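All of the numbers you see were taken from the coordinates with simple rules; none came from a lab. Bear in mind the structure is a predicted one, so any value in this text is a computation, not a measurement. Heads up, the Cβs are rebuilt from the backbone with ideal geometry, glycines too, and the neighbour counts pull from every protein chain shown.
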Amino acid sequence: TKAWRGIIEEYRDRLPVTADTPVITLLEGGTPLLPAPRLSQLTGCDVYLKVEGANPTGSFKDRGMTVAISRAAQDGAKAIICASTGNTSASAAAYAVRAGMVCAVLVPQGKIAMGKLAQALVHGARLLQIDGNFDDCLELARKLSADYPVALVNSVNRYRLEGQKSAAFEIVDTLGAAPDVHCLPVGNAGNISAYWMGYQECDTRPRMFGFQAAGAAPIVRGEPVLKPQTIATAIRIGHPASWDLAVRARDESGGAIEAVTDRQILAAYRLLAREEGVFVEPASAASVAGLLQAREEELVSTGRRVVCTVTGNGLKDPDWAISGAPAPMTVPVDAHAAASALELT
Ligand code: F0G
């Protein structure tokens, strides 16, 4: 066995790179496809988690960023810009460091998780908080990239989706074929579109199930949401850029795009942590909340092979882990006191 080389070297012939492309990589991809025994038991399906929090910056965004930044470097870009609910900016900031580029990021003020803010800052990004939501940030980033010498690396940059499709390649490599059903959270709708592209290129197709937060579910409602609301800040998006592609993925695959409530998202978040040993951020749990709902509605029948993508690492947004748990006890340096506090006696 040889060491994983990052998605560009692993899948070079299936990605839009040339011999001249400088490969800017943090060795992203190669993430675990983890069997989920408790979820399998609960659903009567054969459930796996694609654990994207294991990527270098803790989310699936690294797959798209390696391709987008490598191509930007090939084109001689000196600066990149993105709008973000936090993960794209964390990834862009880290890859910009590797490429020696300036990174500018626009985030919705007060609506991104602390860990993600820390990532953009520690990697030296120029960060602006915008007095608006993600959709406003994206519009502004598009304008700036049109009028100033700065390359846009949001998923409207086609190289992003091309990179993100590599997750589908890995799943097919591991399982030998697509699962019957693939569940994932939907925000700006790039990832569901990228997976569908990847599966089609492998000539093996699951039904694609996407899940939006109920307060930010424009595709489910069929119209943009002006004031999207959800505790899952990563997918707090009212006007997804890849809307049409996501609808095509849904319809061509015979799948569905549905809404799950914040309550369902938090229940799935806790279940993943306490019963599967997997700590994800709240938005990531939408895929699992969605699978549970789809089973209840009999949209998915028993015995199916299911992959749920869990998109980001729980450490990025620990507030929900802490607020849901009892405050830790303090005891003196005393074995008896510790044993009794731990209920070992
Ligand atoms: N899960 C996480 C953890 C995310 O950060 C995102 C998107 C999604 C799911 C949804 O994926 O947008 O392709 O439908 N985050 C973007 C960002 C918007 O700026 O980090 P999508």
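General observations
- Summary of the geometry: the stretch 235-294 and the stretch 132-155, compared by the centres of their Cα atoms, lie 26 Å apart.
- Highest-fluctuation residue, 163, 198, 44 considered, GNM on the chain with Cα pairs under 10 Å: 44
- Selected from 242, 84, 287 as most flexible by GNM, with the chain as the system and alpha-carbon contacts under 10 Å: 242
- Candidates 156, 181, 288, ranked by Gaussian network fluctuation over the chain, Cα under 10 Å, top entry: 156
- Distance violations [Cα-Cα > 32 Å] among 2/78; 2/143; 50/78; 78/227; 143/227; 165/227: 2/78; 2/143; 50/78; 78/227
- Using the Cβ of residue 48 as centre and a radius below 14 Å, the other residues enclosed give a net charge of -2, where K and R count +1 and D and E count -1.
- Net charge of the neighbourhood of residue 73, taken over other residues with C-beta under 12 Å away and scored Lys/Arg +1, Asp/Glu -1, is +1.
- Rounded, prolate or oblate (a/c below 1.5 giving rounded, otherwise prolate when a/b exceeds b/c) for the stretch 180-302 by Cα gyration tensor: oblate
- The stretch 38-90-the stretch 174-205 distance, computed between alpha-carbon centres (Å): 14 Å
- 15 Å beta-carbon shell around residue 264, net charge (K/R +1, D/E -1): -1
- Dimensionless Rg over Rh [the stretch 61-157; C-alpha; Kirkwood]: 0.93
- The stretch 241-338 shape via C-alpha gyration tensor axes, a/c threshold 1.5: prolate
- Once exposed loop GluC sites (Glu not before Pro) are cut out (DSSP; at most 15 other Cβ, 10 Å), longest piece of the chain: 1-296
- Bridges between two residues of the chain, per DSSP, are antiparallel at a rate of about 15%.
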